[in-house]
Amino acid sequence: MVWALLILTSVAPTVLLCAAWALIPSSDETPRWRVALAESLEAVAERLRHRHVEPFDPFLTLRVQERLGAVADHVRRLEGDERAFARAERIIASQLAYDQLLAEACHLAGVEVRPAAAGDAQERFREEVELAARGWTW
């Protein structure tokens, strides 16, 4: 019995000290229980946060559609005019502006804009088809 009491009195302070030491932050890897607790608390906080939903502005959509139409007409005119000065550079610049407007239109319509090289004709065509499928005209 004396041996059990001796072992208990020598082990109990060690266990308490190790438990207290685990609560002190260190530069080592974070314990799994802290990570799990932090993730669960973040999930609860995310559910409790209030989100302010911006009202949809239909005039913004109309403005983007008008600009898309104007830039598309400008590109068509440049492609038809064979005597234009610096025609290729102007066509490239206009197409890049058209691509930026397409990306903005896709954002408004909820279409995914995939990462692609600037001026990628396949991505431009895919975005145009997706927007047309959602009822966009320009």
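The values are calculated or read from the model by the stated rules, or taken from the named source; none is laboratory data. The structure displayed is predicted, hence computed values, not measured ones. Here the Cβ positions follow ideal geometry from the backbone for every residue, glycine too, while neighbour counts run over all protein chains shown.
Reported count of residues in the stretch 84-138, each being touching a residue at least 24 places away in the same chain (Cβ under 8 Å) and among the hydrophobic types (A, V, I, L, M, F, W, C), is 12. Among the conditions (1) of a type in the set (Gly, Ala, Ser); (2) crowded, with 16+ Cβ neighbours inside 10 Å; (3) at pLDDT 90 or above, Ala109 misses just one, which is (3). Kindly indicate whether Gly69 is in contact (Cβ under 8 Å) with a residue 60 or more places away in the chain and under 22 Å from Glu123 (Cα atoms). For Gly69, the condition - in contact (Cβ under 8 Å) with a residue 60 or more places away in the chain and under 22 Å from Glu123 (Cα atoms) - is met.
Listed residues Thr30, Thr9; which is among the β-branched types (Val, Ile, Thr), farther than 30 Å from Ala93 by Cβ and exposed (fewer than 10 other Cβ atoms within 10 Å of the Cβ)?
Criteria check complete, one pass: Thr9.
When Phe85 is tested against (1) at pLDDT 90 or above; (2) of a type in the set (Phe, Trp, Tyr); (3) more than 28 Å from the chain's Cα centre (by Cα), just one condition goes unmet, and that condition is (1).
Helices (runs of 4 or more DSSP H) fully within the stretch 1-116 that include at least 3 residues being over 21 Å from Glu130 (Cβ atoms) and of a type in the set (S, T, N, Q): 2-23.
Against the list (1) in contact with an Asp or Glu (Cβ under 6 Å, 6 or more places away or on another chain); (2) on the phi > 0 side of the Ramachandran plot, the condition Cys106 fails is (2). The set of residues in the stretch 117-138 being in a loop (DSSP other than H, G, I, E, B) and either surrounded by 18 or more Cβ atoms within 10 Å (Cβ to Cβ) or not small (Gly, Ala, Ser) (or both) consists of Asp120, Arg134, Trp136, Thr137, Trp138.
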